[in-house]
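Each remark here refers to the structure printed beneath this line.
The values are calculated or read from the model by the stated rules, or taken from the named source; none is laboratory data. Small disclaimer: the values here were computed from a predicted structure and weren't measured. Backbone-built Cβ (ideal geometry, glycine too); neighbour counts: all protein chains shown.
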Protein chains: 2
Amino acid sequence: MHPHFIEHIFAISERYRVTIRAAIDANELGIGAMHVRSLTVVAETLDCTANNIVTKLSRDKAQVARLVKELLAAGLIEKDAHPEDKRSQILTLSSSGNTLMKQLKAAKATIQLQMTQGLSTHELDLFNTIAHKIADNLVCNNTL
Amino acid sequence: MHPHFIEHIFAISERYRVTIRAAIDANELGIGAMHVRSLTVVAETLDCTANNIVTKLSRDKAQVARLVKELLAAGLIEKDAHPEDKRSQILTLSSSGNTLMKQLKAAKATIQLQMTQGLSTHELDLFNTIAHKIADNLVCNNTL
DNA sequence: CTGGTTTAGTTGATTCTATCAACAAAAAGC
DNA sequence: GCTTTTTGTTGATAGAATCAACTAAACCAG
């Protein structure tokens, strides 16, 4: 039926990753695409904890712990005590993290523009909706 | 506009990878999703060479060399001299490679079914077309 | 034919990404 | 209080990706 549509998905995600990495490298930081995704969660989540990143990105908590450690080491985020839960710490962007996010936002907008060339808003809406459904369809299964 | 649609793409590709890996693990082979993609290229390409895999999957040739080596070690493919070019070797599926491909085809069909639940053929066609366009839009750029 | 360039593939080194298991400390529930 | 759950950390390991250096064959120009 659509034997290779997953290849398009792979292609998009890999090329996006590469493009983002290029944008980051231009900023000469020792971080990768995954750090960026984590930073984005921190930026968009009120009182963000490591666990928020785990759930929002569906990553392993060990992986997130390391990403957070590296973002701290790079001075892009700060870690403060959670007022109500001594296990958690609240992550916030540092000022340099904020600056980076702004640059990345611009880079993302550029990539987004590039990706969506020749596509109508309607098509993009459709695509977005369908992608969302497909992603949901794949959650928590592994009953092959 | 569609600030997070790339996240759906990431989600789909990662979950697909995990699901395929589960299917492979069930077959107790020491190979991963990338090997499967390579095998698929071998299966679908007439007189397939390593370079065909490189271009079709847009992978690094070093990575492909290793994938091929591992597929050979696993006995899933065979390597024969190219009649017209002594630099290249032609890759073909071994009989066990063929068997695996059949199993994987079934597994992929299952995943595909799962992914596409609740979506019409028309929606899938649209999705496929748009994904193709987006992937094309991202080819060879890095002019941020 | 000779020498320079391109192509196909290999290897080494390194980094990023992903997983799993074991663990500590705080919180929540009974 | 005691057990279970949640949050996060660390170790170990495997998979995926990337870059550079290199060989050998092929191609091509003179």
Pick from the range B:1-32, criterion within 9 Å of DNA strand C (Cβ to nearest atom) and touching a helix residue (DSSP H, G or I) at 6+ places or on another chain (Cβ under 6 Å), ranking: modelled with the lowest pLDDT: B:Arg21
Being within 12 Å of DNA strand D (Cβ to nearest atom) and in contact with a helix residue (DSSP H, G or I) (Cβ under 6 Å, 6 or more places away or on another chain) is the filter; apply it to the range A:42-51 and report the residue that is nearest to the other protein chains (Cβ to nearest Cβ). A:Thr45
Number of positions in the range A:112-136 that are more than 7 Å from chain B (Cβ to nearest Cβ) and more than 24 Å from A:Ala22 (Cα to Cα): 6
Consider A:Leu93 against the criteria (1) within 13 Å of DNA strand D (Cβ to nearest atom); (2) away from every other protein chain (no Cβ under 12 Å); (3) farther than 30 Å from B:His132 by Cα: it satisfies all of them except one. Which criterion is unmet? (1)
For A:Lys105, indicate whether it is away from DNA strand D (no atom under 15 Å from the Cβ), outside any strand (DSSP E or B) and under 18 Å from the mean Cα position of the chain (by Cα). yes
Would you please list the contacts, defined by Cβ atoms under 8 Å and residues six or more apart or on different chains, that run from a residue in the range B:72-91 that is touching a residue at least 24 places away in the same chain (Cβ under 8 Å) to a residue that is more than 15 Å from DNA strand D (Cβ to nearest atom) and of a type in the set (S, T, N, Q)? B:Leu76/B:Ser94; B:Leu76/B:Ser96; B:Ile77/B:Thr92; B:Ile77/B:Ser94
Matching entry among A:Arg59, A:Arg87 (being among the basic types (Lys, Arg), more than 14 Å from chain B (Cβ to nearest Cβ) and part of a loop (DSSP other than H, G, I, E, B)): A:Arg87
Which residue out of B:His82, B:His35 is more than 17 Å from A:His4 (Cβ to Cβ), touching a strand residue (DSSP E or B) at 6+ places or on another chain (Cβ under 6 Å) and within 13 Å of DNA strand D (Cβ to nearest atom)? B:His82
Any residue in the range B:68-87 that is surrounded by 13 or more Cβ atoms within 10 Å (Cβ to Cβ), closer than 26 Å to B:Ala135 by Cα, modelled with pLDDT under 95 and under 15 Å from the mean Cα position of the chain (by Cα)? no
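Yes/no per residue for (1) out of contact with any Leu (no Cβ under 6 Å at 6 or more places or on another chain); (2) away from DNA strand C (no atom under 14 Å from the Cβ); (3) within 13 Å of A:Leu39 (Cα to Cα):
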{"residue": "A:Leu57", "(1), (2), (3)": "yes, no, yes"}
{"residue": "A:Ala62", "(1), (2), (3)": "yes, no, no"}
{"residue": "A:Lys69", "(1), (2), (3)": "yes, no, yes"}
{"residue": "A:Pro83", "(1), (2), (3)": "yes, no, no"}
{"residue": "A:Lys86", "(1), (2), (3)": "yes, no, no"}
{"residue": "A:Gln89", "(1), (2), (3)": "yes, no, no"}
{"residue": "A:Thr92", "(1), (2), (3)": "yes, yes, yes"}
{"residue": "A:Thr99", "(1), (2), (3)": "yes, yes, yes"}
Looking at the range B:101-111 only, could you name the residues that are within 10 Å of another protein chain (Cβ to nearest Cβ) and surrounded by 17 or more Cβ atoms within 10 Å (Cβ to Cβ)? B:Ala107, B:Lys108, B:Ile111
